[in-house]
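The structure appears below as structure tokens.
The values are calculated or read from the model by the stated rules, or taken from the named source; none is laboratory data. Keep in mind that this is a model prediction, so the values were computed, not measured. In this analysis, Cβ positions are derived from the backbone assuming ideal geometry, glycine residues included, and neighbour counts consider all displayed protein chains. Accessible surface areas use protein heavy atoms only, side chains included; no ligands, DNA or RNA. Shrake-Rupley method; radii C 1.70, N 1.55, O 1.52, S 1.80 Å.
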Amino acid sequence: MAKLKIAGTWSGDLQVELEQWTVPMLREEVAKQLSMPPETINLICAGKVLKDGDGSEKLSQLGIKNNSRILATRVSVDEGKSLVAEEERSRRLTRVKAAAAALVERHADGSLPLEDFNIELEDQNGETIRFGSETDRRAMMMGLMLHANAKKLIRRQLYKDALEVLTMGEEAFSLCNPKVIELVDNVPLLQIDMVWCYFMLRDISWLSVAGMRLQKAREGIERAHGKDSFRMRLLQAGRHPELALHLRMELLEGVVAYHSGQFDKSRKALTSAQAKFVQLQVPDESLSLVMSMGFKERDAKRALRISNQDVGTAIDFLVEEKAKRARKREDNNRRRREIVEQKQYGMTPLKKAVDLQRLKALVSIGYEKELAAEALRRNENDTEKALDDLTNPESNSSIQLEIESRKRKRHQKSTNVNIEQLVSMGFERSAVVEASRAGGSIEQIMHRLLSQTAPNTSSAANNPESSSITTTNNVGPSSSNDNENVQGESTTDEIEERDVEMEDELACELTGDVFADYDIEVAKEGEAINEYLALIDSAINV
């Protein structure tokens with residue numbers, strides 16, 4: 001072994017094998033001492049910059065000997081690439097916030113959704129939450145959506161990006177009535193996730209802020225879960241879903257205390273976290289037994305952790321969750337059918353959907369469904385005003401004429417789409433129009449055409465008439481093509497510009513899984529607990 005004397009950005013001696021080591025190996029070792037990427041380190045020996053070359057040339061071949069002096073300096077990374085990456089990150093964060101705001105706008109106030117789903121707020125029992133004010137509902141929905149996106153970024157280890165989104169989520173929650181926030185644990189969970197990002201970024205400059213966030217998180221969780229999680233135990237039939245969450249919180253409290261020089265407080269928090277870590281380790285025998293009942297490994301582990309490793313309780317939990325998911329699927333399918341139905345009736349003057357409960361009430365007293373729906377649509381879902389229109393012969397006749405006009409427009413629109421599709425297949429337009437007059441589906445129209453004459457075998461691109469589109473609304477999101485405005489059918493210009501990709505991404509993250517926030521894989525936490533307990537021992541023994 002030879003000794004190299006390193007000076008510059010880092011000073012010290014390195015023991016190396018000159019016949020074995022290469023420049024990339026030396027650069028990596030110096031970078032490790034500085035906790036920096038190797039590409040940011042420049043090495044100079046005897047006035048010569050050491051190049052990596054093909055990575056096979058040994059240090060001895062470069063004239064480096066025992067006790068040689070190496071100057072290590074920092075070099076800037078490609079600023080152009082860094083700037084592009086930062087701009088891209090900034091654009092994505094802007095898109096996330098804008099898409100979340102757009103979804104909230106459409107789903108928080110009863111507006112007719114453009115999608116075939118509806119976003120609703122539910123409690124841990126799966127019951128829809130009703131807020132006293134629309135402002136609270138919007139703020140809560142926005143905060144939850146952003147928090148869900150941040151958790152996805154955390155899983156991908158993009159902690160800096162996650163921190164930005166969490167900050168936006170915290171801002172959204174701050175607009176909600178404090179009395180409402182105190183009843184739920186969502187904000188405390190967000191605070192813990194923010195401190196977890198500080199920790200994973202190893203940025204101790206956030207130390208004082210982290211301590212305050214953890215204190216608020218602990219107070220908030222106690223308000224929401226009850227003293228010693230009594231309310232949570234009651235709600236979850238004696239189960240312990242919050243155990244992993246408390247483990248992470250105590251670990252972070254221990255880390256903050258350690259870096260603040262409070263070693264006794266740190267050891268106490270870390271020891272408590274360590275006990276929970278042991279409690280959360282799933283025995284192989286229990287896991288195998290639960291999986292033998294037909295459950296997946298991930299679900300079985302979650303159930304055993306929540307059930308304090310009791311196999312019977314874990315199986316009961318999994319059976320209950322399976323039944324809940326089945327009911328949820330049924331509810332989602334019902335709601336999807338309702339949205340499709342609401343789109344058929346169009347939007348009110350204030351762009352709201354027709355209230356199906358009020359519609360059901362009118363139908364129950366004898367009014368035809370489509371007639372009652374149009375009366376509600378015209379009158380912003382005011383049942384009394386709708387009844388006035390329905391019982392007034394003049395307004396009732398006007399409603400019927402509107403419905404018939406809309407049906408004709410819808411039929412014409414469908415016919416135009418069929419005509420363009422058949423023309424694009426090579427049929428002559430005049431023949432297609434003539435065959436379409438008898439009505440029917442596109443298959444029936446095609447059958448008439450084929451029975452009359454053979455189709456034009458030339459391609460649609462060679463048909464001079466096929467480039468002319470006569471439909472009024474064949475562009476834009478397919479889910480919004482059936483929306484209607486006050487006057488009748490919606491047009492392409494009335495379809496709002498949407499970031500469909502980002503909105504779909506945000507919506508997919510809203511799984512409705514009430515245990516997702518508590519289901520934490522604690523392997524990293526276990527490593528960190530051992531690391532900081534060892535650091536405390538070293539600090540005390542010095």
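Please go through region 29-70 and pick out each residue that is loosely packed, with under 14 Cβ neighbours inside 10 Å and without any contact (Cβ under 8 Å) to a residue 24 or more places away in the chain. Selection gives K32, S35, A46, G47, K48, V49, D54, Q61, G63. Scan region 316-351 residue by residue and report those that are within 27 Å of L247 (Cβ to Cβ), more than 25 Å from the chain's Cα centre (by Cα) and either open to solvent by 30 Å² or more (accessible area, probe 1.4 Å) or modelled with pLDDT under 85 (or both). Residues satisfying the conditions are D316, V319, E320.
Examine region 21-28 for a residue that is touching a residue at least 24 places away in the same chain (Cβ under 8 Å) and assigned to a strand (DSSP E or B), and state whether such a residue exists. Yes, region 21-28 contains a residue that is touching a residue at least 24 places away in the same chain (Cβ under 8 Å) and assigned to a strand (DSSP E or B).
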